[in-house]
Amino acid sequence: MPDEIDRRLIVATQAGLPLVPRPWQALADRLGIPAAEVQARLAAMLASGVVRRIGAVPNHYALGYRFNGMTVWDVDDARVDALGMAVGALPFVSHCYRRPRRLPEWPYNLFAMVHARSREAALEQVERIAAVLGSDCRGRDVLFSSRILKKTGLRLTDG
Amino acid sequence: MRPPPDDLALDAADRALINALQGGFPLCDEPFRAVGESLGLSEGEIIERLRALLERRVLTRFGPLYQIEKLGGAFVLAALKVPEDRFEEVAALVNALPEVAHNYRREHAFNMWFVLATETSAGIAAAIEKIEAATGLTVFAFPKEREYFVELKLDAG
């Protein structure tokens, strides 16, 4: 588990890295530890999965991916894990999860996100998922995002 | 927050930089210089381009992406069915909570989908209660039961 220094490192980097030639040194100066320790702690958090990756988060819309669909599927609970793995393996699926149904309003238990530059391309991706699910699919829908209302990511409080 | 305009005039170097920086930013002393060497750009040019891409919101952030569950925290997807004539009001109420990390309008009876990110799993229930009290609407929570795949990498072309 991350310790207090890791936590301070997370708070210092959650809004982004300093854009200076030596960003790890800049963080180290702020935290009062050596740069090598910042690097080692981030490497350890990458290895343990606390850090998923270090890099840029693109705005889908800005890259032309204006058709972001949350595809949702009602599949047999006994088959959902095998099917979820197969859907997650499709190259255009960025996230794939099993989630609870909320009956009667919401019968879907498998969620897969697709991203495309046209509605046609997105709908073609939806059909490719449907082909993987075959007769195990009892119901489906796709919810396109039409506005980003907020996007800030994780915010731990300082303390 | 509206999507940025369609034509953001990304040049070939911007596109190469975005593709190269979606993961694996080096943990060496001068990481921007290392990235620049692999792309044939100077360290200063990498930093200036990144700054401009962040300012123009082509990139929403640059740095480590944390998996909050590993810190004992929780991420939960949740949705609301918001009456159209209350949409802006409810969006403002929901967005005002620091626990709301992302919020999207989607075209469906469930028209508002947001992610709650809290440091403890108890924080999720508290945030849901706050939203229900503030809006008078029922929050439908969809905690993930299993993750099959997560790898958000977009080709900048």
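Since residue A:86 meets every condition but one in (1) crowded, with 19+ Cβ neighbours inside 10 Å; (2) out of contact with any strand residue (DSSP E or B) (no Cβ under 6 Å at 6 or more places or on another chain), which condition does it not meet?
Single failed check for residue A:86: (1).
For the range A:61-99, what are the residues that are of a type in the set (Asp, Glu) and in contact with a helix residue (DSSP H, G or I) (Cβ under 8 Å, 6 or more places away or on another chain)? Full working, then the answer.
Pass one, the range A:61-99, residues of a type in the set (Asp, Glu): A:74, A:76-77, A:81.
Within the range A:61-99, just A:76 meets the criteria.
So, in the range B:55-78, how many residues would count as being touching a Ser or Thr at 6+ places or on another chain (Cβ under 8 Å), open to solvent by 20 Å² or more (accessible area, probe 1.4 Å) and at the interface with chain A (Cβ under 7 Å from one of its Cβ atoms)?
So the answer is 1.
If you go through the range A:1-14, how many residues are at the interface with chain B (Cβ under 7 Å from one of its Cβ atoms) and open to solvent by 50 Å² or more (accessible area, probe 1.4 Å)?
So the count comes out to 0.
Report, by residue number, each residue of the range A:122-153 that is away from chain B (no Cβ under 13 Å), part of a helix (DSSP H, G or I) and among the small types (Gly, Ala, Ser).
Once the filter is applied, which keeps residues that are away from chain B (no Cβ under 13 Å), part of a helix (DSSP H, G or I) and among the small types (Gly, Ala, Ser), the range A:122-153 yields A:130, A:131, A:134, A:135.
Within the range A:47-64, does at least one residue satisfy the condition of being among the β-branched types (Val, Ile, Thr), touching an Asp or Glu at 6+ places or on another chain (Cβ under 7 Å) and over 30 Å from residue A:142 (Cβ atoms)? I'd like the intermediate steps shown before the answer.
As a first pass, look at the range A:47-64 and keep what is among the β-branched types (Val, Ile, Thr): A:50-51, A:54, A:57.
Adding the requirement that they be touching an Asp or Glu at 6+ places or on another chain (Cβ under 7 Å) leaves none.
Looking for residues that are among the β-branched types (Val, Ile, Thr), touching an Asp or Glu at 6+ places or on another chain (Cβ under 7 Å) and over 30 Å from residue A:142 (Cβ atoms), one finds none in the range A:47-64, hence no.
Only residues in the range B:131-142 that are under 17 Å from residue B:87 (Cβ atoms) count as the first member; pair them with residues that are in a loop (DSSP other than H, G, I, E, B) and of a type in the set (Phe, Trp, Tyr), Cβ under 6 angstrom, at least 6 apart or cross-chain, and list the lot.
From residues that are under 17 Å from residue B:87 (Cβ atoms), there are no pairs.
Given (1) more than 9 Å from chain B (Cβ to nearest Cβ); (2) open to solvent by less than 10 Å² (accessible area, probe 1.4 Å); (3) out of contact with any helix residue (DSSP H, G or I) (no Cβ under 6 Å at 6 or more places or on another chain), where does residue A:55 come up short, assuming only one miss?
Only one criterion is unmet by residue A:55, namely (1).
Scan the range B:93-113 and give yes if some residue there is over 19 Å from residue A:57 (Cβ atoms), open to solvent by less than 60 Å² (accessible area, probe 1.4 Å), touching a residue at least 40 places away in the same chain (Cβ under 8 Å) and β-branched (Val, Ile, Thr), otherwise no.
yes
Confirm whether residue B:51 is open to solvent by 50 Å² or more (accessible area, probe 1.4 Å) and touching a residue at least 40 places away in the same chain (Cβ under 8 Å).
Details: open to solvent by 50 Å² or more (accessible area, probe 1.4 Å): yes; touching a residue at least 40 places away in the same chain (Cβ under 8 Å): no.
When the stated conditions are applied, residue B:51 does not pass them.
Select from the range A:88-108 the residues that are within 15 Å of the chain's Cα centre (by Cα) and not in a loop (DSSP other than H, G, I, E, B) and write down the one among them that is nearest to residue A:122 (Cα to Cα).
Out of the qualifying residues, it is A:93.
Within the range A:24-40, does at least one residue satisfy the condition of being at pLDDT 95 or above, farther than 14 Å from residue B:25 by Cβ and polar (S, T, N, Q)?
Residues of the range A:24-40 that are at pLDDT 95 or above, as a first pass: A:24-40.
Checking the rest, the ones that are also farther than 14 Å from residue B:25 by Cβ come to A:25-26, A:28-37, A:40.
Pick out the ones that are also polar (S, T, N, Q) and you get A:25.
Yes, the range A:24-40 contains a residue that is at pLDDT 95 or above, farther than 14 Å from residue B:25 by Cβ and polar (S, T, N, Q).
Taking the range B:79-109 only, how many residues are farther than 17 Å from residue A:150 by Cα and within 7 Å of chain A (Cβ to nearest Cβ)?
1
Evaluate the range A:73-85: report whether one residue or more is without any contact (Cβ under 8 Å) to a residue 24 or more places away in the chain, assigned to a loop (DSSP other than H, G, I, E, B) and either more than 24 Å from residue A:13 (Cα to Cα) or among the aromatic types (Phe, Trp, Tyr) (or both).
yes
Across the range A:3-23, what is the total count of residues that are modelled with pLDDT under 95 and outside any helix (DSSP H, G or I)?
Counting residues in the range A:3-23 that are modelled with pLDDT under 95 and outside any helix (DSSP H, G or I) gives 4.
The values are calculated or read from the model by the stated rules, or taken from the named source; none is laboratory data. This one's a predicted model, so the numbers in the text were calculated from it and none came from an experiment. Note that each Cβ is placed from the backbone with ideal geometry, even for glycine, and that neighbours are counted across all protein chains shown. Side chains included, ligands, DNA and RNA excluded: accessible areas come from the protein's heavy atoms. Shrake-Rupley method; radii C 1.70, N 1.55, O 1.52, S 1.80 Å.
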